[in-house]
Amino acid sequence: MSKYLLYIVIGLFVINCIWFLATSSLYFTHKYNHAAMSTLYSNSQYVKGSGSAGIGDDGLYAFSGFYYITGGDPSQVNFENPPLGKYLIGLSELIFHNENVINILYAAVICWVVYKLSMSFFKSKLMSWLTLLVMVADPFFQIQLILPLLDLPLATFFLLGIYFYLKGLEKPRYYWAASFFWGVANTIKFFPFIVVLVLITLIHLFMINKSHLKTYVPTLILLPLIYFASYSMYFLYHPSMLEFLRFQKWIIHWRTGNPIVLGNIFLSVFLGRYKAWYPHKGLVENVNWTVHLPILIGLGMISPVFFKHAQNRKQVLQFLYLVAIVFMLYLAILTVGIRGYVLVAYPIWVILAIYTVSSIFAILGKWRKPRLIRKT
């Protein structure tokens, strides 16, 4: 019966995904209008200052992407974020005449990583498909697919790095792939957490297998190399390494002026509200918040209770949990705590949540009293 119930649940999630694609098709079929977006940007707060007509992050990144991919100077528009994520949005605009189509590719890669990681835990295609569909059918994940934002590509390359790092624990050559994808993630969006992540991996390898450090540490050179490469167009306009370093210092200085709202991410996730920092203070409701978010993250947070039952999977689960919980603390202490930031590690929380639920059912199954068979 439990197997049939899983099939029914998976079927419902599939129907949800089909419904989402049917109702959101316009987001992937409309043509990007650069002239209209350019006018919107020219009259926005980024050009004319506060009090002007506003432009959201989705419009800003859509405009920046086309500007970059057609040869623009990345230091002139949305300088506060590295350029690669916007180049990819621009590529989507050039090839598909739509800024959102590339999100389908990101979603496909994330789905592949989630499925592969789930298979390593459950050794069951059915449970792996369930984990995957729980994530894909979640409104929190779906809303990211229809907007040209940077969190989805950041999550994609971040998770690819996690996947290949875990493969590197068995075959160290995969550490090169892990560092490559983390290097790419670092060029998608301003992402200081990459420093924390490197420290986590170094401590992790030191604790479990010191011999792997001699293979892993050299791969970290890819992080700055990829970062510099993403600014290739910048060097055409400013052929000076000293000027580039000053530019990066200025970005960091600009970023350190951003507000920090301690613990805001927990309000955003668990209550669907957050403390506003501008233009007025007070609690503001998250319009697209759903109960899926706190349930899945909450279940993921209690997953260590069941790690003792994981046997040979325990090491992987511990690493995933460590990355997810440290990232959550990073968001709580060093950012304004916008709900969308959670997306980077959200697939990990979903995996841990399904593991928690499956562990609970497994324990309950062991407590069931066996039937007594009468002899005739």
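Coordinate-derived values only; no laboratory data. Just so we're clear, the structure is a prediction, and the values are computed from it rather than from any experiment. A quick note on method: Cβ atoms are made from the backbone with ideal geometry, for glycine too, and the neighbour counts reach across all protein chains shown.
A few notes on this one:
- Each of F235, P148, T215 was scored by the projection of its Cα onto the charge dipole of the range 125-247, and the greatest displacement toward the positive side belongs to T215; charges sit on the C-beta of Lys, Arg, Asp and Glu.
- Gain on full stretching of the segment that runs from H97 to I18 - 0.36 nm per residue minus C-alpha separation: 26.1 nm
- For the chain, the relative contact order comes to 16 percent (Cα pairs under 8 Å, sequence separation of at least 6).
- Between the residues P347, L262, N98, the greatest Cα displacement towards the positive end of the dipole of the chain, with unit charges on the Cβ of Lys, Arg, Asp and Glu, is found for P347.
- Dipole magnitude of the chain about its Cα centre (Cβ charges: Lys, Arg +1; Asp, Glu -1), debye to nearest 20: 2140 debye
- Between helix 125-136 and the chain: long-axis angle, C-alpha atoms, 0 to 90°, nearest 10: 40 degrees
- Eligible aspartates and glutamates near K210 by straight Cα distance, threshold 14 Å, same-chain separation 8 or greater: E170
- Cα gyration tensor shape for the range 171-315, rounded if a/c is under 1.5, else prolate or oblate: oblate
- Here the label points at Y115 and Y27, each 7 Å from Cα along the C-beta direction, are separated by 2.2 nm in the simple model.
- Label-to-label distance, nm, for residues given as W176 and K314 (7 Å Cα→Cβ offset): 3.4 nm
- Note on K366 and K123: the model spin-label points, each 7 Å out from Cα along the C-beta direction, lie 1.5 nm apart.
- The order of the peptides 323-331, 39-47 by mean Cβ neighbours within 10 Å, most packed first, is 323-331, 39-47.
- Length available on full extension from R273 to E243: 0.36 nm per residue minus the Cα-Cα distance, which gives 6.6 nm.
- Overall Cα dimensions of the range 147-223, principal axis frame, Å, largest first: 43, 20, 19
- Contact order relative to length of the range 92-232, as percent, for alpha carbon pairs under 8 angstrom and 6 or more apart: 20 percent
- Rounded if a/c under 1.5, otherwise prolate or oblate - the chain, Cα gyration tensor axes: prolate
- When GluC sites (Glu not before Pro) are flagged only if DSSP places them in a loop and at most 14 other Cβ atoms lie within 10 Å, the longest unflagged stretch of the chain comes out as 171-376.
- Shape category assigned to the range 77-119 from the gyration tensor of Cα positions, a/c cut at 1.5: oblate
- Among H97, H292, H30, the residue with the largest mean-square fluctuation in a Gaussian network model of the chain, with springs joining Cα atoms closer than 10 Å, is H30.
- Dipole magnitude of the range 19-151 about its Cα centre (Cβ charges: Lys, Arg +1; Asp, Glu -1), debye to nearest 20: 400 debye
- Among the listed pairs K86/K189; K116/K167; K48/K249; K171/K314, a Cα-Cα separation exceeding 20 Å is found for K48/K249.
- The convex hull defined by the C-alpha atoms of the range 243-287 has an orientation-averaged projected area of 4.3 nm².
- Computed on the range 98-149, with alpha-carbon pairs under 8 angstrom and 6+ residues apart, the relative contact order is 45 percent.
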